[in-house]
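S.K.: This structure is in structure tokens; I'll ask about it shortly.
The values are calculated or read from the model by the stated rules, or taken from the named source; none is laboratory data. Keep in mind that what you see is a predicted model, and the values were worked out from it rather than measured. Neighbour counts run over all protein chains shown; Cβ positions are idealised from the backbone, glycine included. When the accessible area is computed, the model is the full protein with side chains, heavy atoms only, and any ligands, DNA or RNA have been set aside. Shrake-Rupley method; radii C 1.70, N 1.55, O 1.52, S 1.80 Å.
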Amino acid sequence: MSQSLTERYDDRIAGMLSCYDRLVITGTLPVICYAAGMTGYLNAKGIRIFDYPEFAKTLRDRVRDRAATLAAEAGITIEHIAKPHIRKEDVVARVLRQRGDRPGLVHVISAMEACDAYKPWHDKQTHKTFIRPDSGKCLHYYFYFQDATFGLVYLRVPTWAPFRLQFYCNGHSWLARKLSAKGIGYTMADNAFVHIDDWALAQALADTLSPDQLHRTLDRYARLYCPVSDVFGQSYHWSLMQVEYATDLAFRSTVTLGPLYEQLVRQSVLNVKAEQVATFLGRQITPSLAQEIGSQFATRIEGTCIKHRFGKCSIKMYDKHGIVLRIETTANDVSFFKHHRRVEHRKGPASRELAPVKKSIYSLIDLRDILLGCNRRYIAHLSALDDFSAGFRALGRLTKPREVDGKTVQGINFFAPADKTLLHALQNPRVNIAGIRRSQLLPHLGMFSPTRLSRHLRRLLDLGVIKRVTGTYRYYLTKAGRAATAAAERITEAVIVPAMI
């Protein structure tokens with residue numbers, strides 16, 4: 001039986017942890033986050049549309065004055081960065097080395113950056129005056145601070161309406177503070193745990209990240225650093241802009257991970273296809289989606305990182321300091337994923353349906369399971385890439401005849417047209433999600449009649465190549481079946497095809 005990666009290296013893995021990593025959240029004021037809303041607000045307050053620029057300047061001055069006041073109270077000089085090649089993270093890291101990590105405001109950086117904007121407009125055709133969308137540049141403040149709960153975070157505040165905020169925090173920094181509060185010892189390298197006294201308890205704590213607590217933190221900082229919400233009489237609405245969820249395998253030694261990682265990278269570049277990446281991300285390959293695969297899929301090697309991109313989501317693998325193997329799913333649009341949830345309708349009662357994930361921060365609870373599933377499917381694929389010896393053993397076992405209920409069942413011939421075609425159809429990535437029925441296989445297997453296909457499926461069941469989903473007539477490859485077919489493909493690609501050239 002083929003082993004998973006974690007089973008195979010169990011004695012050489014110190015621990016395994018799945019946790020949110022990078023979280024980027026945007027805040028909008030619902031009343032004025034769109035041009036028509038700002039038009040309605042100005043009309044309701046009796047402010048002339050063409051007086052909007054002066055109105056916006058008073059709000060800009062509010063934000064500037066607050067930034068200057070908070071910086072002075074903390075004994076900080078606001079640092080303006082005008083050159084794009086200067087990384088704000090490097091500037092803050094330099095300040096932290098001198099300041100330490102005590103709670104409070106760490107640094108304030110200002111920069112001229114692109115922003116959404118509005119401008120007054122009079123339509124000569126309709127004779128209506130209103131606010132229309134615009135774009136431009138305005139001064140932004142980056143407030144970096146050490147939060148007692150979330151660690152180092154920042155809030156990006158523009159000085160121009162509609163005052164769209166951006167907040168960043170890191171789930172590993174949050175977890176480190178949870179562990180410290182519980183008295184659990186740990187060692188970190190960058191944002192990865194290389195040692196934890198109790199990995200199981202750490203995982204339990206990682207699963208308790210609360211959107212409610214995060215919401216309270218966001219509201220508090222919005223009021224403090226962007227003093228305009230009281231003008232509009234509404235608090236900020238917080239949405240997920242970017243979410244990263246990481247699964248880390250912390251090895252005991254770099255001696256183990258080094259060679260393993262090199263092999264996994266090499267095999268991933270050669271073997272991971274667009275259809276598989278879609279499956280890792282929980283998407284079934286429909287005809288319409290298949291047409292988009294060419295433009296949506298990419299595999300890149302970024303230093304020691306291999307990244308598979310599919311649409312606005314990606315899954316990547318990299319090593320942290322040569323001792324932690326990280327599998328990480330990133331979503332730049334969480335509505336890429338679907339799950340069963342309550343759906344409100346304009347007409348009729350609400351219903352529970354399969355629908356895109358909402359961008360609200362309260363989706364973090366459901367996203368945890370969705371993104372963990374992506375990481376697990378990728379690790380399962382890596383397990384097959386890593387240990388072809390198990391595949392070769394399974395290949396030898398499954399090709400031999402077997403006695404089942406007093407009858408001799410012929411072994412699999414992985415290179416015979418019928419067996420090869422059927423196994424190739426069962427390897428389709430969508431089969432891994434929910435299995436596949438005989439009726440779904442038939443259109444892709446022209447050489448099989450329904451009766452013949454049933455006999456072959458029964459044979460594969462008896463040999464242990466496939467399993468049936470409990471209570472259904474859906475089939476999927478077993479671990480041994482996956483390992484053997486992968487080994488057969490490797491023999492074909494590495495030995496048979498080169499010998500024929």
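S.K.: When you go through (1) free of Cβ contacts under 8 Å to residues at least 40 places away in the same chain; (2) in contact with a helix residue (DSSP H, G or I) (Cβ under 6 Å, 6 or more places away or on another chain); (3) aromatic (Phe, Trp, Tyr) one by one for residue 20, which number turns out not to apply?
M.R.: (1)
S.K.: Separate question: Just give me the residues in the range 45-70 being within 11 Å of residue 161 (Cβ to Cβ), open to solvent by less than 20 Å² (accessible area, probe 1.4 Å) and among the β-branched types (Val, Ile, Thr), in sequence order.
M.R.: 63
S.K.: Moving on to the next point. Residues 366, 387: which one is buried (at least 16 other Cβ atoms within 10 Å of the Cβ), within 15 Å of residue 336 (Cα to Cα) and either modelled with pLDDT under 85 or in contact with a strand residue (DSSP E or B) (Cβ under 6 Å, 6 or more places away or on another chain) (or both)?
M.R.: Among 366, 387, only 366 is buried (at least 16 other Cβ atoms within 10 Å of the Cβ), within 15 Å of residue 336 (Cα to Cα) and either modelled with pLDDT under 85 or in contact with a strand residue (DSSP E or B) (Cβ under 6 Å, 6 or more places away or on another chain) (or both).
S.K.: Which of the residues that make up the range 77-97 are in contact with a helix residue (DSSP H, G or I) (Cβ under 8 Å, 6 or more places away or on another chain) and within 20 Å of residue 158 (Cβ to Cβ)?
M.R.: Passing the criteria: 78, 79, 81.
S.K.: Looking at the range 24-44, can you tell me whether even one residue there is out of contact with any strand residue (DSSP E or B) (no Cβ under 8 Å at 6 or more places or on another chain), among the polar types (S, T, N, Q), surrounded by 12 or more Cβ atoms within 10 Å (Cβ to Cβ) and free of Cβ contacts under 8 Å to residues at least 40 places away in the same chain?
M.R.: yes
S.K.: Okay, moving on. How many of the residues making up the range 11-66 are charged (D, E, K, R) and closer than 27 Å to residue 332 by Cβ?
M.R.: 2
S.K.: Right, another one. Of all residues in the range 445-476, how many are open to solvent by 10 Å² or more (accessible area, probe 1.4 Å), aliphatic (A, V, I, L, M), within 19 Å of residue 416 (Cβ to Cβ) and under 39 Å from the mean Cα position of the chain (by Cα)?
M.R.: 1
S.K.: How many of the residues making up the range 321-359 are within 12 Å of residue 243 (Cβ to Cβ), touching a helix residue (DSSP H, G or I) at 6+ places or on another chain (Cβ under 8 Å) and open to solvent by less than 30 Å² (accessible area, probe 1.4 Å)?
M.R.: Going through the range 321-359, the residues within 12 Å of residue 243 (Cβ to Cβ) turn out to be 328-337, 357, 359.
Filter again for touching a helix residue (DSSP H, G or I) at 6+ places or on another chain (Cβ under 8 Å), leaving 328-329, 331, 334, 337, 357, 359.
Pick out the ones that are also open to solvent by less than 30 Å² (accessible area, probe 1.4 Å) and you get 328-329, 331, 334, 337, 357.
Summing the residues that are within 12 Å of residue 243 (Cβ to Cβ), touching a helix residue (DSSP H, G or I) at 6+ places or on another chain (Cβ under 8 Å) and open to solvent by less than 30 Å² (accessible area, probe 1.4 Å) in the range 321-359 gives 6.
S.K.: In the range 11-33, what residues are over 17 Å from residue 327 (Cα atoms) and not β-branched (Val, Ile, Thr)?
M.R.: 11, 12, 27, 29, 30, 33
S.K.: Across the range 123-141, what is the total count of residues that are of a type outside the set (S, T, N, Q) and open to solvent by less than 80 Å² (accessible area, probe 1.4 Å)? Before the answer, list the steps.
M.R.: Step one: of the range 123-141, the residues of a type outside the set (S, T, N, Q) are 123-124, 127-128, 130-134, 136-141.
Filter once more, keeping what is open to solvent by less than 80 Å² (accessible area, probe 1.4 Å): 123, 130-131, 134, 136, 138-141.
Count: 9.
S.K.: Separate question: Give the range 142-155 a look and list any residue that's touching a Lys or Arg at 6+ places or on another chain (Cβ under 9 Å) and crowded, with 21+ Cβ neighbours inside 10 Å, or say none.
M.R.: 142, 143, 144, 150, 154, listed by residue number.
S.K.: When you scan the range 1-113 for helices (runs of 4 or more DSSP H) that lie fully inside it, which ones turn up with 2 or more residues that are at pLDDT below 95 and not aromatic (Phe, Trp, Tyr)?
M.R.: Result: 5-8, 88-99.
S.K.: Need pairs with beta-carbon distance below 9 Å; first residue among the hydroxyl-bearing types (Ser, Thr, Tyr) and modelled with pLDDT of 95 or more and within the range 173-193, second open to solvent by 20 Å² or more (accessible area, probe 1.4 Å) and not in a strand (DSSP E or B); sequence gap 6+ or separate chains.
M.R.: Qualifying pairs under 9 Å: 173/191; 186/180; 186/197.
S.K.: Still on this structure, please answer the following. Pairs under 6 Å by beta carbon, first residue of a type in the set (A, V, I, L, M, F, W, C) in the range 54-79, partner surrounded by fewer than 18 Cβ atoms within 10 Å (Cβ to Cβ) and part of a loop (DSSP other than H, G, I, E, B), six or more apart or different chains?
M.R.: 55/47; 71/78
S.K.: Scan the range 169-209 for residues that are surrounded by 14 or more Cβ atoms within 10 Å (Cβ to Cβ) and polar (S, T, N, Q) and jot them down.
M.R.: 170, 173, 191, 203
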